1. State all residues of the range 206-225 that are farther than 24 Å from residue 391 by Cα and at pLDDT 95 or above; if no residue qualifies, say none.
2. Answer yes or no: is there a residue in the range 78-96 that is part of a helix (DSSP H, G or I) and under 20 Å from the mean Cα position of the chain (by Cα).
3. On the basis of being in a helix (DSSP H, G or I), farther than 18 Å from residue 104 by Cβ and not assigned by TED's automatic domain parsing to the domain that holds residue 76, does residue 245 make the cut?
4. Identify all residues within the range 170-187 that are surrounded by 15 or more Cβ atoms within 10 Å (Cβ to Cβ) and under 20 Å from residue 104 (Cα atoms); write none if there are none.
5. Looking at 103, 128, which is the one that is outside the structural domain of residue 227 (by TED's automatic domain parsing) and modelled with pLDDT of 90 or more?
6. Give me the residue from the range 302-317 that is without any contact (Cβ under 8 Å) to a residue 60 or more places away in the chain and assigned to a helix (DSSP H, G or I) and, out of that set, surrounded by the most Cβ atoms within 10 Å (Cβ to Cβ).
7. When you scan the range 416-432, do you find a residue that is more than 22 Å from the chain's Cα centre (by Cα) and part of a loop (DSSP other than H, G, I, E, B), even just one?
8. Looking at the structure I just gave you, is residue 326 at pLDDT 95 or above and either closer than 30 Å to residue 262 by Cα or in contact with a strand residue (DSSP E or B) (Cβ under 8 Å, 6 or more places away or on another chain) (or both)?
């Protein structure tokens, strides 16, 4: 009983086959194609609330809903089997499944699997009992005598071993880990902040009984078997595009983190904006701008240029327009500012009041910014408007960034010359304390 006749066309009905939960029509055998002759993806996962969880026998969760959206857009059918995380990895390595999720990025898997764009971003924290004082250890380090705990087989457990922690206690569940922490059997537990908050609330524990310290941001991806991507190279590329359309993975900035960025980083960015070299380059551009950069732009022409720009960017190259902009005076200044190590940014670009890129430190993914949230900075009536976006993972730099956008004004007359967006390296910016 493979479930095909029972679940055809349904992705998330659950069957029990030999004690293994089978979701959709996969699980009993390696299905190469469905009854319509289309390729059918066989995917593996494990329960990991809130990303993958069972609700009245149906598999749901944030990543499952995201995959539903993305696979629907690229017209690929799939089934999901639940199994322990290590077994899922082994099945992909042995060619018994097409892919598995969720996983951190790992060089160990590079020989047999390829990652997607992030399906989720986690914020990992070191959790300890509320007894930490300034004279005590605030976060554990691998060379210190300290006992740390993690859930057996989890991404966190793998990471602690990769980082060189020697005294690591592995437990079967998050509840067990919290119990050991309460009993003092481990000094610190490494846990996803969102998962910890959920488990703590379910256990009816007081948040004030624990101390959380930032450990790391972590992108979680799906890994496709290379045996699959070699025969279906377009799937990974198309899925990544669909994931970005459906729901880009972000981590919400907490209020105290926004305050820290405002206090520590925004003034440095304002110094970049006030530099005479940048102001003069923007003034000159305003005097000698090309026909596209006028109050009324040719939107059909912009759309064509934006499409060429996006297609080139997706292939790791620059369109002709992007290459020209990279060499202008505005870009030259931003590239020089990037080399200033006092400023923690991985990218910077300026767009005009039509939303079009006029300068950049490195190629952006698109030319036209008018449809994005940052474009609203021009309608902000505050005296010194600042827009700080939530954290996202940038695979081109392997960094976690928060885009900070502010208008650039001419100090002589207050004219708005454009808007500067800086991709702030959040890990570097927020790790300066503690």
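The values are calculated or read from the model by the stated rules, or taken from the named source; none is laboratory data. Note that the coordinates shown come from a computational prediction; the quantities given were computed from them, not determined experimentally. Cβ coordinates were reconstructed from backbone atoms using ideal geometry, including for glycine residues, and neighbour counts include every protein chain displayed.
1. 224, 225
2. Within the range 78-96, not a single residue is part of a helix (DSSP H, G or I) and under 20 Å from the mean Cα position of the chain (by Cα).
3. Against the criterion (in a helix (DSSP H, G or I), farther than 18 Å from residue 104 by Cβ and not assigned by TED's automatic domain parsing to the domain that holds residue 76), residue 245 does not qualify.
4. Selection gives 170, 171, 174.
5. Answer to the check: 128.
6. Only one residue fits best here, namely 309.
7. Checked the range 416-432: no residue is more than 22 Å from the chain's Cα centre (by Cα) and part of a loop (DSSP other than H, G, I, E, B).
8. yes
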